[in-house]
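Read the structure below first, then the notes.
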Amino acid sequence: MAEGEASESTDFDAVVVGAGFAGLYMLHKLRGAGFSTRVLEAGSGVGGTWYWNRYPGARCDVESVDYSYSFSPELEQEWTWSERYATQPEILKYLDHVADRFDLRRDIQFDTKVTSAHFDESAKRWLVRIEAGVTLTARFCIMATGCLSAPKLPEIEGVETFARATYHTGHWPHEPVDFTGLRVGIIGTGSSAIQSIPHIARQAAHLTVFQRTPNFSVPAWNHPLEPDYVAEIKSDYRARRELCRTSQAGFPVTAVGEAASVVAPDERQRRYEEKWAEGGLRFLGSFTDLLVDPASNETAAEFIRSKIREIVKDPETAAALSPRDYPAGAKRLCVDTGYYETYNRPNVTLVDLRKHPIERITEDSVVTAVDTYELDALIFATGFDAMTGALSQIEIEGAGGCTLKEKWNDGPRAHLGLTAAGFPNLFMITGPGSPSVLSNMVVSIEQHVDWITECMEHMRAEGLERIEPEPGAEDEWVELVSALAEFTLFPRANSWYRGANVKGKPQVFMPYVGGVYTYRQQCDEVAQSGYKGFSLA
Ligand code: NA7
């Protein structure tokens with residue numbers, strides 16, 4: 001067998017779909033536990049989300065020293081991040097390094113898109129079909145398909161007809177794209193747009209930004225990491241990782257803090273200034289009640305709006321960039337480098353689609369009721385069918401012949417956000433109903449991978465062949481996830497967290513908001529109780 005070539009066998013203990021952060025660690029862990037495993041990956045390389053999202057300025061919004069695996073102290077010591085927030089190329093380099101270091105590639109089949117996965121009750125095996133028509137069989141099927149991996153085009157008349165260059169931020173070409181001298185348009189002002197706009201504006205002759213909903217963004221204050229700082233982190237990495245695991249969102253935060261509602265306005269302002277100067281997602285940790293108390297949230301929202309007014313010279317543009325109709329943080333807070341400043345450039349125009357929506361796209365233009373914008377290149381920064389999109393694209397059929405898509409017609413139902421009733425031996429890493437996108441994904445991924453592996457080891461030790469959540473346990477979990485969300489301001493925004501960005505998608509708040517530590521404890525209790533809430537056979 002040539003190096004990097006997967007073996008010929010088609011029957012495995014586990015098939016894992018996806019070779020991003022989740023799939024790579026799942027493979028490593030299962031291999032270590034002695035389970036034969038095959039990873040199927042649509043891309044030509046490892047990386048998942050970080051393989052596809054190659055748009056200019058793509059960076060993680062979690063600090064690099066925390067957005068990395070903790071499972072190997074050796075890996076932790078030998079890898080050195082160069083910046084506070086890692087760029088997409090650096091993260092991809094890291095994942096390539098991980099794949100090589102742990103010799104993972106020999107069990108990964110690249111350029112392989114999974115079309116369906118059916119549970120065969122009599123054989124108690126998953127039949128996993130790939131595009132080439134080949135079927136693999138496995139006792140366990142593990143979806144490591146990512147939360148933001150099904151890119152979405154906007155539902156605009158004529159979207160397919162634009163005949164000049166088009167791009168989607170979530171599916172960017174591998175070759176560098178040169179916008180020099182071009183009239184470029186970008187639809188969307190989410191995180192991907194906010195990161196790429198400053199870069200594209202520096203290159204393009206003119207950049208027109210089509211904005212439907214403004215977002216709240218805070219500065220990253222990204223910078224190279226000093227060797228002393230890196231050495232300090234590395235000298236006590238275990239403690240830092242433990243802090244992440246026992247935190248709310250997977251970041252090393254210790255202070256509990258106060259509620260904005262009990263703090264005097266001057267002090268509140270001082271704290272916001274301090275957090276703004278620190279940069280990044282920590283801004284939302286300025287006070288404890290920002291995501292539960294509307295009045296407190298408004299103080300943070302108004303602080304960010306005041307910063308926008310300070311930065312953006314044209315008052316009309318500043319007003320258009322200022323979100324007013326949803327709480328700060330209820331859509332994912334963006335972290336930027338020079339985003340608002342970009343609107344002071346003479347070659348950048350903001351088009352406020354709330355005043356005049358896009359009516360259609362033609363072969364060379366974007367057309368609103370009042371203007372026609374002729375463009376040489378059009379970028380869709382229009383996001384993803386988040387959290388369930390990649391799973392729905394695969395026909396996953398459970399024990400009773402029902403597909404996961406059908407089961408989720410009224411919204412996703414997954415016990416612990418990990419498993420689904422009717423789908424034996426199927427696991428979803430960072431599935432809907434788990435902290436996933438509300439947390440540092442790597443922390444949540446590692447927790448799920450460890451839990452799944454222990455569960456499989458338990459089954460092997462006990463001679464069990466089949467595990468499936470009881471419908472009652474799943475109902476209770478789904479209710480809990482929804483009740484927890486109702487305590488917060490999250491449901492008050494039309495976000496992809498609740499499927500609001502996809503036409504016809506049920507509006508259900510999908511992530512578990514209780515925090516990674518509480519969640520971990522709940523999962524551990526289930527395992528320690530001998531998998532209470534699951535039927536094992
Ligand atoms: P997002 O955050 O879903 O942003 C998509 C953007 O595209 C958002 O501003 C949308 O406006 C806009 N959009 C979508 N459809 C349309 C149409 N039809 N017309 C105009 N504008 C539209 O995706 P990103 O890729 O930026 O970020 C995803 C996550 O990746 C991010 O949260 C980070 O966690 C990393 P809308 O708000 O729907 O009005």
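Values computed for the structure shown
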{"quantity": "Heavy-atom accessible area per residue - the chain, 1.4 Å, Å²", "calculated": "41 Å²"}
{"quantity": "Share, in percent, of DSSP beta bridges within the chain that are antiparallel, nearest 5", "calculated": "40 percent"}
{"quantity": "Rg over Rh, two decimals, region 159-380 (C-alpha only, Kirkwood Rh)", "calculated": "1.02"}
{"quantity": "For residue 115, distant residues with modelled amide H under 5 Å away", "calculated": "129, 130, 131"}
{"quantity": "Computed label-point distance, nm, for sites residue 134 and residue 409 using a 7 Å Cα→Cβ extension", "calculated": "3.6 nm"}
{"quantity": "Spatial separation of Cα centroids for region 1-78 and region 198-254, in angstrom", "calculated": "22 Å"}
{"quantity": "DSSP-defined antiparallel bridges as percent of all bridges, region 159-380, nearest 5", "calculated": "25 percent"}
{"quantity": "Sites residue 457 and residue 500, calculated FRET efficiency, Cβ-Cβ separation with R0 35 Å, nearest 0.05", "calculated": "0.30"}
{"quantity": "Signed unit charges on C-beta, dipole axis of the chain, positive-most listed residue 135, 518, 453", "calculated": "518"}
{"quantity": "Segment residue 164-residue 72, length gained on full extension (0.36 nm per residue, minus Cα span)", "calculated": "28.4 nm"}
{"quantity": "Loop-located chymotrypsin sites (Phe, Trp or Tyr not before Pro) in region 184-224 whose Cβ has at most 16 other Cβ within 10 Å (DSSP)", "calculated": "221"}
{"quantity": "Restraint check, 331/532; 234/331; 113/405; 275/355; 93/234; 313/503, Cα-Cα greater than 25 Å", "calculated": "331/532; 234/331; 275/355; 313/503"}
{"quantity": "Hz values of 3J(HN,Hα) by residue in region 234-241 - Karplus curve (6.51, -1.76, 1.60), Gly and Pro given as x", "calculated": "5, 6, 9, 4, 4, 5, 5, 4"}
{"quantity": "Cut-off of 10 Å, at most 14 other beta carbons, DSSP loop: longest stretch of the chain lacking such GluC sites (Glu not before Pro)", "calculated": "158-362"}
{"quantity": "Extension reserve of the residue 103-residue 256 stretch, reckoned as 0.36 nm per residue once the Cα distance is removed", "calculated": "50.9 nm"}
{"quantity": "Region 92-123 versus region 347-404: alpha-carbon centroid distance in Å", "calculated": "29 Å"}
{"quantity": "Label point distance in nm, residue 470-residue 532, each placed 7 Å from Cα along Cα→Cβ", "calculated": "1.1 nm"}
{"quantity": "Segment residue 313-residue 354, length gained on full extension (0.36 nm per residue, minus Cα span)", "calculated": "12.7 nm"}
{"quantity": "Distance between modelled label sites at residue 492 and residue 521, nm, 7 Å Cα→Cβ extension", "calculated": "2.8 nm"}
{"quantity": "Percent accessible area from carbon and sulfur atoms, the chain, protein chains only, probe 1.4 Å", "calculated": "50 percent"}
{"quantity": "Cα centroid separation, region 503-537 to region 128-190 (Å)", "calculated": "30 Å"}
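The values are calculated or read from the model by the stated rules, or taken from the named source; none is laboratory data. All values reported here derive from a predicted model rather than from experimental measurement. Methodologically, a virtual Cβ is constructed for each residue, glycine included, from the backbone with ideal geometry; neighbour enumeration extends over all protein chains shown. Side chains are part of the model used for accessible areas, which takes the heavy atoms of the whole protein and leaves out ligands, DNA and RNA. Shrake-Rupley method; radii C 1.70, N 1.55, O 1.52, S 1.80 Å.
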